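The values are calculated or read from the model by the stated rules, or taken from the named source; none is laboratory data. These numbers were taken from a predicted model, which means no experiment stands behind them. Methodologically, a virtual Cβ is constructed for each residue, glycine included, from the backbone with ideal geometry; neighbour enumeration extends over all protein chains shown. For accessibility, only protein heavy atoms count, side chains too; no ligands or nucleic acids. Shrake-Rupley method; radii C 1.70, N 1.55, O 1.52, S 1.80 Å.
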Amino acid sequence: MALSSLSQPPLPLTTHSSASSLPKLLHSAASNFSFPATLYVDGLSTTTNSPSDYSKWRTHVSFFPAFFNNKTKNMESIKQELLEAIAPLDRGAEATPDDQQRVDQISRKLEAVNPTKEPLKSSLLNGKWELIYTTSKSILQVQRPKLLRTRTNYQAINADRLRAQNMESWPFFNQVTADLTPLNPRKVAVQFDYFKIGGLIPVKAPGRARGELEITYLDEELRVSRGDLGNLFILKMVDPSYRIPS
């Protein structure tokens, strides 16, 4: 979420896209795994009368479902560990340096099993996300009294239009929209264009209101991003059908 890593914008961006067009094909780790089918087909065709060789073939084939099941179980276990670690931290506002280090370590374990290797090509990116943890002090508004801090931050992404929108809840309801430019299959440049004060009054964003965001983990429930200022952003999906108003 380089979006949210900026000090100027009121909200975090964590996002979804390639240079001029953005394919929306679902991409998973399984699609990168090359199954050596020809090896086993050749083995079967030359050893159909050998029970021992057939048993070996069956052993090899059964390995792959077990491999993916174990990987999925491991991923879900790490996700649960991460959610439990951030639950008492008030989206990061109450996190100590030790808490931040622990969350970062768990996040890196989750990033290592990311099932979506090219997030900007995935339809999973589209929709409305809620920020549940960040290290960005500007987004957490820790300099304000607690009563004046935004209760909830959302981010919407439309990959097909290369647009993003950050939204604050009570008490200010500020918004900001941005254009996205893909830099690689995981990373975008973010250029904010308009702020909306109270969600109603449009104000053109200055040219310096920009940043970069890398999506390091993505599935249908959770997104992890890292901004160009070193901040960590963790978001959960709340509305996959949401689209940014024109």
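Please verify whether residue 124 is at pLDDT 95 or above, within 12 Å of residue 223 (Cβ to Cβ), open to solvent by less than 10 Å² (accessible area, probe 1.4 Å) and assigned to a helix (DSSP H, G or I), treating the condition exactly as stated.
Working: at pLDDT 95 or above: yes; within 12 Å of residue 223 (Cβ to Cβ): yes; open to solvent by less than 10 Å² (accessible area, probe 1.4 Å): no; assigned to a helix (DSSP H, G or I): yes.
Answer is no for this residue.
Working only within the range 127-149, note down all residues that are touching a strand residue (DSSP E or B) at 6+ places or on another chain (Cβ under 9 Å) and buried (at least 18 other Cβ atoms within 10 Å of the Cβ).
From the range 127-149, those touching a strand residue (DSSP E or B) at 6+ places or on another chain (Cβ under 9 Å) are 127-136, 139-140; that's our starting set.
Hits for the range 127-149 are 127, 128, 129, 131, 132, 133, 134, 135, 136, 139, 140.
Can you pull out the residues in the range 85-113 that are of a type outside the set (Ser, Thr, Tyr) and closer than 20 Å to residue 71 by Cα? Reasoning before the result, please.
If we filter the range 85-113 for residues that are of a type outside the set (Ser, Thr, Tyr), which is where we start, we get 85-95, 97-106, 108-113.
Passing the criteria: 105, 106, 108, 109, 110, 111, 112, 113.
Would you pick out the residues in the range 159-181 that are over 17 Å from the mean Cα position of the chain (by Cα) and among the polar types (S, T, N, Q)?
Matches in the range 159-181: 169, 174, 175, 177.
Take the residues in the range 82-118 that are of a type in the set (S, T, N, Q) and out of contact with any Asp or Glu (no Cβ under 9 Å at 6 or more places or on another chain), then tell me which one is least open to solvent (accessible area, probe 1.4 Å). Spell out the reasoning first.
The first filter runs over the range 82-118 and keeps only residues of a type in the set (S, T, N, Q), leaving 96, 100-101, 105, 107, 114, 116.
Narrowing the set further to residues that are out of contact with any Asp or Glu (no Cβ under 9 Å at 6 or more places or on another chain) leaves 96, 100-101, 105, 107.
Details: 96: 63, 100: 70, 101: 107, 105: 106, 107: 0 Å².
Among them, the one singled out is 107.
Any residue at all in the range 183-204 that's at pLDDT below 95 and of a type in the set (Gly, Ala, Ser)?
Taking every residue of the range 183-204 in turn, at least one turns out to be at pLDDT below 95 and of a type in the set (Gly, Ala, Ser).
Quick one: how many residues across the range 213-246 are charged (D, E, K, R) and within 21 Å of residue 100 (Cβ to Cβ)? Show your work before the answer.
The first filter runs over the range 213-246 and keeps only residues charged (D, E, K, R), leaving 214, 219-221, 223, 226, 228, 236, 239, 243.
So of that shortlist, the ones also within 21 Å of residue 100 (Cβ to Cβ) come out as 214, 223, 226, 228, 236.
The qualifying residues number 5.
Which of the residues spanning the range 155-195 are among the aromatic types (Phe, Trp, Tyr) and open to solvent by 10 Å² or more (accessible area, probe 1.4 Å)? Break it down stepwise before answering.
The initial filter retains those residues of the range 155-195 that are among the aromatic types (Phe, Trp, Tyr), namely 170, 172-173, 192, 194-195.
Within the range 155-195, 170, 172, 173, 194, 195 meet the criteria.
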